[in-house]
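Here is the structure we will look at, set down as C-alpha cells.
The values are calculated or read from the model by the stated rules, or taken from the named source; none is laboratory data. Here the structure is a predicted model, which means the values were calculated and not measured. No Cβ is skipped: glycine too gets one built from the backbone with ideal geometry, and neighbour counts run over all protein chains shown.
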Amino acid sequence: MVGGFIKDLTLAEIKKLDASARFGGKWRDVRVPTLEEVFREFGRRVKYKVEIKRGSDYYPGIEGKVIDLIRRYNVDAQIISFDFDALSNVRAIDRDVEIGVIFVGRVSWFIDTAKKLNAQWLHASHDLIDRKGIEMAHRLGLKVGAWTVNDEEEARRLVDMGVDDITSNYPDRVIRSVKVGKVI
C-alpha cells in the first residue's frame, strides 16, 4: 500500500497501484488509466464529464492539458470542478468548451458564479436541489445536474422536478428507477 498524496507519485508509480483493492473480490488488478487512455479506448461513443479536482495552483497547466486531450480526441466532454479558478482558466483557454460548476449549496446561490464563468451547467449536491432552483436555472439557460444520487426514490424525485443530469455510483439503479431518456 502506498501512503501520501497522488500528486506526489509519478505516473509509473500510479500505474502500479491496484484501483480495485478496496472493493474486494469482484475485480482484481485494475490499473488506473490516464485520461488519454480512456479517450483512446472509448472515443466518441460516450459523453465525458472530466472533473478537475485542483487547478493550476496545484497541478500547473492542468486545464490546458485537459483541453488539449479533448481537442486531440475530438470527444464530447464537459469539464467540471469545485475549483472556480480552474474553470476560469478553462474558459480563458477555450471559450466554447462545455463547463459545469460543482458546489454544495442551493442552485440559486451559484447562478451568478455560473454566469460569470460562462458555464452551461450547475452541479449541486442532490439533497440541496429544489424545483425553484431548477426552474430559475432553466429560465436563465443553465442546466442542472445532481450528484451523487444512489437512491432510487431520490432519483425519481429529481427527475420529476426537471433535473437534467444525475451522477451516481449505481447508474443501473438510477436508470431502473426513472424514465429512460430523461437521465443522461
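A few points about this structure:
- Counted residues, segment 96-109 - those being of a type outside the set (Val, Ile, Thr), closer than 14 Å to Ala124 by Cα and surrounded by fewer than 23 Cβ atoms within 10 Å (Cβ to Cβ): 5
- Any hit, segment 153-161, residues being surrounded by 14 or more Cβ atoms within 10 Å (Cβ to Cβ), within 18 Å of the chain's Cα centre (by Cα) and of a type outside the set (Val, Ile, Thr): yes
- Of all residues making up segment 25-76, the number that are assigned to a loop (DSSP other than H, G, I, E, B) and farther than 17 Å from Lys15 by Cβ: 13
- Here Tyr48 meets the list (1) closer than 25 Å to Ile166 by Cβ; (2) not assigned by TED's automatic domain parsing to the domain that holds Ile129 almost entirely, failing just condition (2).
- Of the residues making up segment 132-145, those that are surrounded by 13 or more Cβ atoms within 10 Å (Cβ to Cβ) and assigned to a helix (DSSP H, G or I) are Gly133, Ile134, Glu135, Met136, Ala137, His138.
- Matching option when the condition is basic (Lys, Arg) and surrounded by 12 or more Cβ atoms within 10 Å (Cβ to Cβ), among Arg31, Arg22, Arg72: Arg31
- Looking across segment 106-138, the residues that are over 19 Å from the mean Cα position of the chain (by Cα) and over 17 Å from Asp160 (Cα atoms) come down to Ser108, Trp109, Asp112, Lys116.
- Those residues of segment 78-121 which are under 14 Å from Ile62 (Cβ atoms), hydroxyl-bearing (Ser, Thr, Tyr) and assigned to a helix (DSSP H, G or I), in sequence order: Ser88
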